[in-house]
């Protein structure tokens, strides 16, 4: 939405290549700086520059829309509101302005103001306007009218799930838990199947004195998840506590639920910047709703606004059941920002406080593994596997990841056992087949089995994974089937043209079939792609240079490796 609200200009994108290109000390400079920042999804800077531009040209409709949109993206509804009112006062149709004014009406619980509003001329969209209208009726004391409005919306094509979900929430708000549960029980819509919908239903069932059914419904939705928030609810239900209905406690909360549920639906089809505005408005109407907070943080992370995202994650109180989820989200922003040591520190603190959560240890293992701290990563995966229930989804990956750390520590017997355990849990998994097959090739053992594994991995990925196609070419090379290897290695280079290892492998294969000049060209290409600061163990620039000097045969002899030999060579 941010981008769609920007005024189009004839300026080419080359004008916006550097943050220092424009000076913001004039109307045009401030506007261009704001536009440039908006293109980068830098909402903090764009809101600042647009505000500065608008101060110099306060009647500029385009600048008003841009400023509203970026202020909404920052969650500063109070700053967007005066501009939105001015824009509406000019009779301008602006979705961003209408969203701001409408959200303010619900924040003030001015339900009659909304009901008297001409939403066809100044609304957000048919679905949102209809749902908000129903909640406004309930807020104004017209409960039967509101419920009827939900029914009316449910008759419209594609809107039934939304309408009945909100009707179930409204019925629970009014204390009619029987009718609310009837909807939850009969309508398996997408919102009812969400985490939020399942927890709301559990609260409804508890209000009906059906705690056992509430526990069963939670386990049907989430299994025996160790998620602290779910665990707290399950423990309370098991103890016989009556769970209060907390998901919607007022018509204002209902409006927040509208913006939140629409944001969730938009994620699959709309841009993250547009979806972010709905999530921000949900938080504005209900600041304590942690689900909306986590969605805002996640969207900001998706938009690569890592500092903003991390700051939102930090707003989750340390005593909230979702605190660990927020901290795991913050770990992601720290990693993406290059602050890996800080991410590890957060995870280590989480491991002390939430030592019984497998996901904390597995995430710590992932970060340590990516930092080549393999022994520590192995320990983290050990704890994650010990804490993971038998048969839990994703267990195969824990064994796969631990196998990698063991392989890198030359503990091959344990590593191979973990790879094979991962395949037992997830037969045919291409990543595992490829890594195990490639490792067997590098160790020059069980080559026929390695070839079979890698061929399965290629088939499973339709030959579109460069790494796996490279593995197939490489095992054929190791088996002495050089002519067969050529086509696969060339395909791998097509898929990964700037990967140093793949280009180096193609050079070796070319050399093996006598195409020595092409081999030298590939080694030079591979050498040019090596990052001197991130040299992989396989991408050995010194070895590439030596091959360029004396050829592959001499290098193999110097290394004490067997000479090249064609598989069907009889002497």
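Yes/no matrix, rows are residues, columns are (1) without any contact (Cβ under 8 Å) to a residue 60 or more places away in the chain; (2) part of a helix (DSSP H, G or I); (3) surrounded by fewer than 16 Cβ atoms within 10 Å (Cβ to Cβ):
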| position | (1), (2), (3) |
| --- | --- |
| 421 | yes, yes, no |
| 428 | yes, no, yes |
| 433 | yes, yes, no |
| 440 | yes, yes, no |
| 473 | yes, yes, no |
| 487 | yes, yes, yes |
| 494 | yes, yes, yes |
| 498 | yes, no, yes |
| 503 | yes, yes, no |
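Just to confirm my filter: which helices (runs of 4 or more DSSP H) fall fully inside the stretch 53-107 and include at least 3 residues that are modelled with pLDDT under 90, in contact with a strand residue (DSSP E or B) (Cβ under 6 Å, 6 or more places away or on another chain) and surrounded by fewer than 19 Cβ atoms within 10 Å (Cβ to Cβ)? Steps first, answer last, please.
Values: elements: 61-73, 77-89, 95-107.
Ranges flagged: none.
Given the conditions (1) under 17 Å from residue 228 (Cβ atoms); (2) crowded, with 19+ Cβ neighbours inside 10 Å, which single one is not true for residue 351?
Exception for residue 351: condition (2).
Can you name the number of the only condition in (1) part of a loop (DSSP other than H, G, I, E, B); (2) over 15 Å from the mean Cα position of the chain (by Cα); (3) over 22 Å from residue 79 (Cα atoms) that residue 261 fails?
(1)
When you look at residue 148, is it at pLDDT 95 or above and surrounded by fewer than 20 Cβ atoms within 10 Å (Cβ to Cβ), yes or no?
Numbers: at pLDDT 95 or above: yes; surrounded by fewer than 20 Cβ atoms within 10 Å (Cβ to Cβ): yes.
Against the criterion (at pLDDT 95 or above and surrounded by fewer than 20 Cβ atoms within 10 Å (Cβ to Cβ)), residue 148 qualifies.
Within the stretch 552-564, is there a residue that is at pLDDT 95 or above and either outside any helix (DSSP H, G or I) or under 37 Å from the mean Cα position of the chain (by Cα) (or both)?
Taking every residue of the stretch 552-564 in turn, none turns out to be at pLDDT 95 or above and either outside any helix (DSSP H, G or I) or under 37 Å from the mean Cα position of the chain (by Cα) (or both).
Can you report the number of residues in the stretch 383-414 which are in contact (Cβ under 8 Å) with a residue 40 or more places away in the chain and closer than 19 Å to residue 443 by Cα?
Residues that pass the stated criteria total 1.
Let's see how each residue does on (1) touching a residue at least 60 places away in the same chain (Cβ under 8 Å); (2) under 23 Å from residue 263 (Cα atoms); (3) in contact with a strand residue (DSSP E or B) (Cβ under 8 Å, 6 or more places away or on another chain); (4) part of a helix (DSSP H, G or I):
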residue: 182; (1), (2), (3), (4): no, no, no, yes
residue: 185; (1), (2), (3), (4): no, no, no, yes
residue: 192; (1), (2), (3), (4): no, yes, no, no
residue: 200; (1), (2), (3), (4): no, yes, no, yes
residue: 206; (1), (2), (3), (4): no, no, no, yes
residue: 209; (1), (2), (3), (4): no, no, no, no
residue: 215; (1), (2), (3), (4): no, no, no, yes
residue: 221; (1), (2), (3), (4): no, yes, no, yes
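Can residue 279 be described as surrounded by fewer than 24 Cβ atoms within 10 Å (Cβ to Cβ) and either over 17 Å from residue 203 (Cα atoms) or at pLDDT 95 or above (or both)? Give the steps one after another, and end with the answer.
On the way: surrounded by fewer than 24 Cβ atoms within 10 Å (Cβ to Cβ): no; either over 17 Å from residue 203 (Cα atoms) or at pLDDT 95 or above (or both): yes.
Answer is no for this residue.
I'm trying to understand the selection: among the residues of the stretch 505-536, which are on the phi > 0 side of the Ramachandran plot and not in a loop (DSSP other than H, G, I, E, B)?
Let us first name the residues in the stretch 505-536 that are on the phi > 0 side of the Ramachandran plot, namely 514.
None; the set is empty.
Please tell me if residue 413 is out of contact with any strand residue (DSSP E or B) (no Cβ under 6 Å at 6 or more places or on another chain) and either at pLDDT below 95 or surrounded by fewer than 22 Cβ atoms within 10 Å (Cβ to Cβ) (or both). Step through it out loud before you land on a result.
Details: out of contact with any strand residue (DSSP E or B) (no Cβ under 6 Å at 6 or more places or on another chain): yes; either at pLDDT below 95 or surrounded by fewer than 22 Cβ atoms within 10 Å (Cβ to Cβ) (or both): yes.
Spelling it out, residue 413 is indeed out of contact with any strand residue (DSSP E or B) (no Cβ under 6 Å at 6 or more places or on another chain) and either at pLDDT below 95 or surrounded by fewer than 22 Cβ atoms within 10 Å (Cβ to Cβ) (or both).
The values are calculated or read from the model by the stated rules, or taken from the named source; none is laboratory data. Please read all numbers here as calculations on a predicted model, not as lab measurements. FYI the Cβ positions are ideal-geometry reconstructions off the backbone, even for glycines, and counts take in every protein chain you see.
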